[in-house]
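Trainee: Below is the structure I would like to discuss, written out as structure tokens.
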Amino acid sequence: MIFPSSFRLARGAPSAMAGDRLQPARFWASLAIFVLFALASSCATSTASSKTSNPLPTATAQSQSSADSAPVSDGDVTFATVHGMQVFIKRIPGAELVSGQLDILGGVRNWGKEDAGVEQLALTVSASGGTETLDKDAFARRLATLGSMIAAGAGNDASSFRAKSLKENWDTTFELMVDAFLHPGLPPKEVELQRQQQLSALRHEQEDPDAQLALIAHERIFKNHPYENRSIGTLETVNKLTRDQLRSHLAKLRETSRLILVVVGDVEPDHIITRARDLLGHLPLGTYRHTPMPPIRFDQPTVTTVAKKLPTNYILSSFPGPGWKDEDFALGMVAMTVLGWRQWIEVRTKRNLSYAPSAGMATNAEVTHGLLYVTAVDPNATMKVMLDEARNLKERPVPAPELKGDVSTLVTSFIAANETTDGQAALLARAQVLGGDWRLIRTLPDRMRAVTSEGIEQFARKYIANLQTVVLGDPERIDPALFSSL
Amino acid sequence: MQLRFAISAKVVISTFAGAALAAPPPIQTHRLPNGLEVLVVENQSVPLVTIEFAAKNGSMTEPPSYNGLSHLYEHMFFKANAVIPNQEAYLARMRQLGMQFNGSTGTERVNYFFTTTSDHLAESMQFMRDAIVSPLFEPKELEQEKQVVIGEIDRNESNPYYHFQHEVSKRVWWKYPSRKDPLGNRKTVLAATREQMKTIQKRYYIPNNSVLVVTGDVKAIDVFQQTEQLYQKWKAGPDPFKKFPLVHHPPIPRSEVVMVEQPVETVSIELVWHGPSTVDDHVELTYSADLLGYAIQEPSSPFEKNLVESGACVHAAFSWSTQMNVGPITLGLEATPDKVDECLKAAIAELPRMKSSDYLSDEELRNASHRLEVDQALEREKPSELAHVLTFWWCSAGLNYYLSYLDNVKKATRADIARFLETYVLGKPYVLGAMVSPKMATELHLNRAHFERLAGIGERADASRVGADKAER
């Protein structure tokens, strides 16, 4: 493979940085890929209506009224509120498959240090353990007969149930998904089974160097931040979780003020809204209000080295990035893409110092961060080149053809992320949940195309500083002064 | 000109019998006079096009002295050619064309793909052609790229699972291990020469050993026209597999255990048998193998219930890998250290049950083939991935196999599944690999003798040593 999979993901970040959301079902695995493109640009969300004079409500202005709002269409997207729940439908005429995502807001706000992992375990058991009326086997057989898939997982800012089916089977699949959310069976045997699998995922993090590096970096940059309590939990917390805890945690989530439903496919918006009202409209509105995550901030560069005997050294540097709503967001996407290409050329093509240099933005959370990543047997020589390139970005203009080309590669990546209905649902939901406005995804390509060389220099000067670097490998080969020089 | 293409192009439609599924977009095919097969799947859902080239190459063609060189060649594809002077210029052109790109090397396929916006189709087709037909293998670039490939090997060797797979594979394919090892090794990579690159090019990168797949927002007729023009001077060569036939992998002589100690947190176990091939006399058993594999991965299957839901194993999977030259059958298990015995015993006990007539219900078999059908719909939904799917099948099974695949899976019966198991698994020699941490090996006595006892493998048969004595050189 000419590129490591991590590089492809990155244009953003190494794969291990995809966040701690588990992707239980096989088809969700593909989602991890574009999670990290951080939505390089929009596309399939029709651009035709971006100049509409009929703006839709945004997530941060979530309705706290129990009254439903009438559906409003903006291009191919229709929005409505159903008893406080936000519902988005994106029509794709002729699509063979339908995807839906029920996002549950809160994320790390919903748990603490002592019960981290509770939402992840509660949701996976809900999605796989059957319901009060269909036991695990009957539920699984029903899905198999339909050829449908349902999965669930927790994340930093929101958790989600996700479903995908043939168009003809969407209504039944949606009913099953909602049943799993509202009336899960939570059989004790399934709790134990999913607990073991969650523990297994935690143990595997210690085996794969990329995963271990990502974990060390996460602990470093989110120390004393709410994201510190990862959704997957720890061996200690997951081992202690009880079925009663899962049950009461789930009950807390069942309020419409924290729900966002996105459905993408060849569907009738009115029908989707009606079904959403029928199945979820009876839930209490609740009192969920979005509270912004505190930013991360570092006053000086640091390097954390963890010794591990490996054939090479794994290196990851992070810095706080602009949030989804920030006007620098598109700038960051482009700047880090330019830097990623340059790292590739300078580190790999010209100096063959590494197979896997990359740079990008991790944008799968409200609090984003930029990343420089590389594996190298000569970490000092490699890191010097990486850091020099980052400095160059602050000081030298990016030639217009280079900038134009790199924006084009981002646009291609983003459109590729929009090829599938589940891809489009995930992107739309992400913009709504993390940025408070789904149209951020629609406007992203134009915002990226508008990025200038001067803007990139400003971004680099403002953000690429005080790098928090972690190294997994041989401490003897690391020059701390060099690694903490930017 | 257009009329000619309209006449010579074939439209083939895979048969999807599921009533709920829409008719899939046809795969339009066109074979050039030089033998290059061109496949096009039109899909206008997003303004992207994916151009993918694949050759029947990879480790199946590699004697020990060439092990890993198909992969090195793959890296050199992205460097200088007759039109592009060096990799910097190559990358600059790709950035100009807004491309996502990559390549991969497997046992039976090497593929290269570019995805970009459809307005760049013509330029991208030309760019692909130049890389395919005129790589230069500049000595300086070759030497540099060897270091990059070594970096890739470093990363693989940093992962415990690489070592596990590698050690098991060496025993399973004991006579010709290099033929199933696409990554190769440092020694051959570092010793690689430009002449070896040219040998690979001359032997395998010929139109009559290759396929070009274009998917997405294109018109097949345009693609066929462009390929006619772009590849008309590319000359066919002798069928590489006549002069250099695939090796015959001799059976595993007797069951054996291979232990791998790595810094891991759980225990991984693999039981691997030689399975059928897509082109041999037992091709019909490949369909029953896949039907079985799909049926038992459902959470309600007896396999999942007995092995995973019972609490014996954390994960369990049983599958056959689609290959032209002996696909391995793998029973993969993960267990916590305290349940290793329970997990392996449960798995071994499950195997004979899988052939009984009441193991899977009619409904479960129907659902399994329906899952396969829906999976194909998922593949169609993403044209950029569909290109990879098509080149994979083209190389390892042939287009006709792929087109009739679902029908054949649906025809598979319980008796076929039983025959598949009896022919390849039950009572047949296999390699049992187990990966544990040094601490587990010491404190819990999870050693070779322990696994031999558990699996009922009698006297230790060091097939690896026997094999090594006779391995291909």
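Nothing in this text is a laboratory measurement; each read-out follows from the coordinates by a stated rule. In this text the structure is predicted, and so the values were computed from the model without any measurement. Positions of Cβ are generated from backbone atoms using ideal geometry, with glycine treated the same way; all protein chains shown enter the neighbour counts.
Trainee: Under 17 Å from the Cα of A:LYS167, which aspartates and glutamates turn up, not counting those fewer than eight places away in the same chain?
Mentor: A:GLU96, A:GLU175, A:ASP266, A:GLU268, A:ASP270, A:GLU419, A:ASP422, B:GLU373, B:ASP375, B:GLU379, B:GLU381
Trainee: Can you give the log10 of the normalised intensity I(q)/I(0) at q = 0.05, 0.09, 0.13 Å⁻¹, computed with Debye over equal Cα scatterers of chain B?
Mentor: Taken in order of the listed q values, log10 I(q)/I(0) reads -0.20, -0.67, -1.30.
Trainee: Which net charge results when you count Lys and Arg as +1 and Asp and Glu as -1 among the other residues whose beta-carbon is under 12 Å from that of B:VAL46? Working shown, then result.
Mentor: Numbers: positive: B:LYS382; negative: A:GLU419, B:ASP217, B:GLU381.
Counting the neighbours of B:VAL46, the net charge comes to -2.
Trainee: At B:ARG366 and A:LYS113, where each label point lies 7 Å from the Cα along Cα→Cβ, what is the point-to-point distance in nanometres?
Mentor: Placing both labels 7 Å beyond Cα along the Cβ direction yields 5.6 nm.
Trainee: With runs of 4+ DSSP H residues as the only contributors, calculate the mean residue ellipticity of chain B at 222 nm using -39,500 (n - 2.57) per run, divided by the residue total and rounded to the nearest 500. Could you put the intermediate results ahead of the total?
Mentor: Details: 20 runs with 209 residues, N = 473.
One gets -13000 deg cm²/dmol as the mean residue ellipticity at 222 nm.
Trainee: A further question follows. Between the stretch B:69-106 and the stretch A:207-251, what's the alpha-carbon centroid distance in Å?
Mentor: Between the Cα centre of the stretch B:69-106 and that of the stretch A:207-251, the gap is 40 Å.
Trainee: While we're here: In whole percent, what relative contact order does chain B give with Cα contacts below 8 Å and a gap of six or more residues? Don't jump to the answer; show the numbers that get you there.
Mentor: Numbers: 857 pairs, mean separation 107.5, N = 473.
Computed over chain B, the figure is 23 percent.
Trainee: Now, a different point. Between B:LEU190 and B:ASP338, what is the spin-label point distance in nm, taking each point 7 Å from the Cα along the Cα→C-beta axis?
Mentor: 4.6
Trainee: Whole Å is fine, so just give me how far the alpha carbon centre of the stretch A:311-377 lies from that of the stretch B:279-325.
Mentor: After rounding, the separation between the Cα centres reads 40 Å.
Trainee: Taking the Cβ of A:THR256 as the center, what net charge do the other residues with Cβ under 11 Å away carry, scoring Lys and Arg +1 and Asp and Glu -1?
Mentor: Details: positive: A:ARG254, A:ARG258, A:ARG277; negative: A:ASP68, A:GLU255.
Local net charge: +1.
Trainee: Can I ask one more? I want the local charge near B:HIS274. Using Cβ-Cβ distances under 12 Å, sum +1 for each Lys or Arg and -1 for each Asp or Glu among the other residues. Walk me through the numbers on the way to the answer.
Mentor: Values: positive: B:ARG171, B:LYS175, B:LYS180, B:LYS428; negative: B:ASP280.
Overall, the nearby charge balance is +3.
Trainee: If you don't mind, another one. Can you compute the FRET efficiency between B:THR423 and B:ALA471 using 1/(1 + (r/R0)^6), with r the Cβ-Cβ distance and R0 = 22 Å? Round to the nearest 0.05. Walk me through the intermediate numbers first.
Mentor: Details: r = 26 Å, r/R0 = 1.18.
Working from the Cβ atoms, E equals 0.25.
Trainee: I'd like the antiparallel share, as a percent to the nearest 5, of DSSP beta bridges with both residues in chain A. The partial results should precede the final answer.
Mentor: Working: 50 of 62 bridges.
The answer is about 80 percent antiparallel.
Trainee: Using r as the Cβ-Cβ distance of B:LYS243 and A:ARG277, and R0 as 56 Å, what FRET efficiency do you calculate, to the nearest 0.05? Let's see the in-between values first.
Mentor: Numbers: r = 69 Å, r/R0 = 1.24.
That gives a FRET efficiency of 0.20.
Trainee: Once the Cβ-Cβ distance between B:GLN126 and B:ASN34 is put in as r, and R0 is 22 Å, what FRET efficiency do you end up with, to the nearest 0.05? Could the numbers behind the result be given before it?
Mentor: Numbers: r = 17 Å, r/R0 = 0.79.
So, using R0 = 22 Å, E works out to roughly 0.80.
Trainee: What is the Cα centroid distance between the stretch B:206-260 and the stretch B:144-185, reported in whole angstrom?
Mentor: 22
Trainee: Taking the simple approach of a point 7 Å from Cα along Cα-to-Cβ for both A:PHE298 and B:LYS233, what is their distance in nm?
Mentor: 5.3
Trainee: With a 4.7 Å Cβ cut-off, tell me which Cys residues in chain B come up empty for a partner.
Mentor: Lone cysteines by the Cβ rule: B:CYS395.
Trainee: Could you tell me what % of all Cα pairs in the protein assembly as shown have separations over 58 Å? Display every interim value, and only then the final one.
Mentor: Working: 21501 of 459361 pairs.
I get 5 percent for the Cα pairs in the protein assembly as shown exceeding 58 Å.
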